[in-house]
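Asks: Quick one: the structure is below, and I'll ask about it shortly.
The values are calculated or read from the model by the stated rules, or taken from the named source; none is laboratory data. Bear in mind that the values here come from a model prediction, so they are computed numbers and not experimental data. Here the Cβ positions follow ideal geometry from the backbone for every residue, glycine too, while neighbour counts run over all protein chains shown.
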């Protein structure tokens with residue numbers, strides 16, 4: 001009788017670079033070598049040790065080389081996103097599905113609705129605009145190896161790209177390469193639906209770029225902000241408990257007193273007496289003087305005239 005021993009191989013899960021001091025120190029030494037290389041993108045070179053550590057951690061979890069992660073992981077406004085061709089490669093290499101394939105259907109010429117912002121700055125309005133395009137539909141599909149079921153991703157059409165603002169976005173490749181962009185977006189939808197764990201829940205870089213909308217101010221007047229209290233000034237707190245009850249009773253008493261008080265009529269204005277007009281002066285004959293005496297003697301001249 002021959003005995004056979006079955007060996008069970010346990011798959012060891014990769015440790016995170018942030019799992020302990022030893023793993024963190026080892027990861028820093030690896031990242032110093034990567035940051036000094038010209039083969040990595042600019043966002044990982046030099047003193048960008050933090051970006052390199054995160055890329056190394058993602059590479060350990062996905063069991064792929066760190067350089068592959070650094071070359072295909074793009075950071076847009078703080079959001080990491082994958083290159084679309086890397087998404088297709090990751091789905092094909094995960095072992096869950098057969099290789100990704102695409103079903104393309106020509107839908108003919110159709111009317112699509114796009115939206116534009118018009119108007120002066122500060123009062124812009126979103127206006128619908130109809131355009132004609134040669135529409136196509138893209139569907140990514142694969143066979144699930146565990147069940148043999150054919151899995152299809154959500155359909156992507158060019159009219160959808162127009163309506164969502166992807167098609168006419170500044171710098172968009174949808175107009176010049178619609179077939180490639182349609183397949184890329186269909187693969188990203190398939191991965192987000194059936195294998196989000198393979199992509200670590202991160203979107204495609206094209207999705208992040210297409211969904212970055214401009215900020216449009218709303219209509220209305222200018223709202224003045226309330227003055228901010230100084231650092232050394234403490235905000236006045238609301239009374240609580242007994243203090244709140246006393247304050248409420250005091251306010252109610254003051255309100256009742258104001259209602260009970262009789263209305264005070266305004267005092268009549270006192271008219272000041274007008275000043276009397278000055279009396280007309282009477283001409284009174286002045287006393288006679290001898291200022292006109294010819295002989296300069298007392299008495300009258302008696303009508304004397306030298307003539």
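Asks: For segment 87-115, give me each residue that is within 18 Å of residue 134 (Cβ to Cβ), in contact with a helix residue (DSSP H, G or I) (Cβ under 8 Å, 6 or more places away or on another chain) and exposed (fewer than 13 other Cβ atoms within 10 Å of the Cβ).
Replies: Matches in segment 87-115: 104, 113.
Asks: Go through segment 44-87 and give me each residue that's without any contact (Cβ under 8 Å) to a residue 40 or more places away in the chain, assigned to a loop (DSSP other than H, G, I, E, B) and farther than 17 Å from residue 198 by Cα.
Replies: Within segment 44-87, 45, 46, 47, 48, 78 qualify.
Asks: Please go through segment 34-43 and pick out each residue that is closer than 18 Å to residue 72 by Cβ and assigned to a loop (DSSP other than H, G, I, E, B). It would help to see each step written out before you state the result.
Replies: Keep residues of segment 34-43 that are closer than 18 Å to residue 72 by Cβ, which gives 34-35, 37-43.
37, 38, 39, 40, 41, listed by residue number.
Asks: Suppose we keep only residues that are touching a helix residue (DSSP H, G or I) at 6+ places or on another chain (Cβ under 9 Å) and surrounded by 23 or more Cβ atoms within 10 Å (Cβ to Cβ) within segment 154-165. Which one would you say is farthest from residue 126 (Cα to Cα)?
Replies: So the residue we want is 156.
Asks: Taking the criterion of being at pLDDT 90 or above, surrounded by fewer than 16 Cβ atoms within 10 Å (Cβ to Cβ) and assigned to a loop (DSSP other than H, G, I, E, B), would at least one residue in segment 128-144 satisfy it? Break it down stepwise before answering.
Replies: Applying the first criterion (at pLDDT 90 or above) to segment 128-144 yields 134-144.
Among the residues that remain, those that are also surrounded by fewer than 16 Cβ atoms within 10 Å (Cβ to Cβ) are: 134, 143-144.
Those still in the list that are assigned to a loop (DSSP other than H, G, I, E, B) too: none.
Within segment 128-144, none of the residues are at pLDDT 90 or above, surrounded by fewer than 16 Cβ atoms within 10 Å (Cβ to Cβ) and assigned to a loop (DSSP other than H, G, I, E, B).
Asks: Considering each residue of segment 182-202, count those that are in contact with a helix residue (DSSP H, G or I) (Cβ under 8 Å, 6 or more places away or on another chain), over 16 Å from residue 98 (Cβ atoms) and assigned to a helix (DSSP H, G or I), and give that number. Let's see the steps before the verdict.
Replies: At the first step, the residues of segment 182-202 found to be in contact with a helix residue (DSSP H, G or I) (Cβ under 8 Å, 6 or more places away or on another chain) are 182, 184-185, 187-188, 190-191, 195, 198-200.
Checking which are over 16 Å from residue 98 (Cβ atoms) leaves us with 182, 184-185, 188, 199-200.
Next, from what is left, pick out any that are assigned to a helix (DSSP H, G or I): 182, 184-185, 188.
Summing the residues that are in contact with a helix residue (DSSP H, G or I) (Cβ under 8 Å, 6 or more places away or on another chain), over 16 Å from residue 98 (Cβ atoms) and assigned to a helix (DSSP H, G or I) in segment 182-202 gives 4.
Asks: Next question. What do you reckon, is residue 79 surrounded by fewer than 18 Cβ atoms within 10 Å (Cβ to Cβ) and out of contact with any helix residue (DSSP H, G or I) (no Cβ under 8 Å at 6 or more places or on another chain)? So that I can check it myself, show each step before the final result.
Replies: Numbers: surrounded by fewer than 18 Cβ atoms within 10 Å (Cβ to Cβ): yes; out of contact with any helix residue (DSSP H, G or I) (no Cβ under 8 Å at 6 or more places or on another chain): no.
For residue 79, the condition - surrounded by fewer than 18 Cβ atoms within 10 Å (Cβ to Cβ) and out of contact with any helix residue (DSSP H, G or I) (no Cβ under 8 Å at 6 or more places or on another chain) - is not met.
Asks: Where the second residue is assigned to a loop (DSSP other than H, G, I, E, B) and surrounded by 13 or more Cβ atoms within 10 Å (Cβ to Cβ) and the first is free of Cβ contacts under 8 Å to residues at least 12 places away in the same chain and in the same structural domain as residue 136 (by TED's automatic domain parsing) and lies in segment 164-182, which pairs have Cβ atoms under 8 Å and are six or more apart or on separate chains?
Replies: 175/167; 175/168; 180/173
Asks: Could you figure out which of (1) surrounded by 14 or more Cβ atoms within 10 Å (Cβ to Cβ); (2) within 24 Å of residue 187 (Cα to Cα); (3) in contact with a helix residue (DSSP H, G or I) (Cβ under 8 Å, 6 or more places away or on another chain) isn't true of residue 57?
Replies: (2)
Asks: Return the residues of segment 166-209 that are closer than 18 Å to residue 129 by Cβ and crowded, with 17+ Cβ neighbours inside 10 Å; say none if nothing qualifies. So that I can check it myself, show each step before the final result.
Replies: Kept after step one, since they are closer than 18 Å to residue 129 by Cβ, are these residues of segment 166-209: 166-170, 172, 174-175.
166, 167, 169, 172, 174, listed by residue number.
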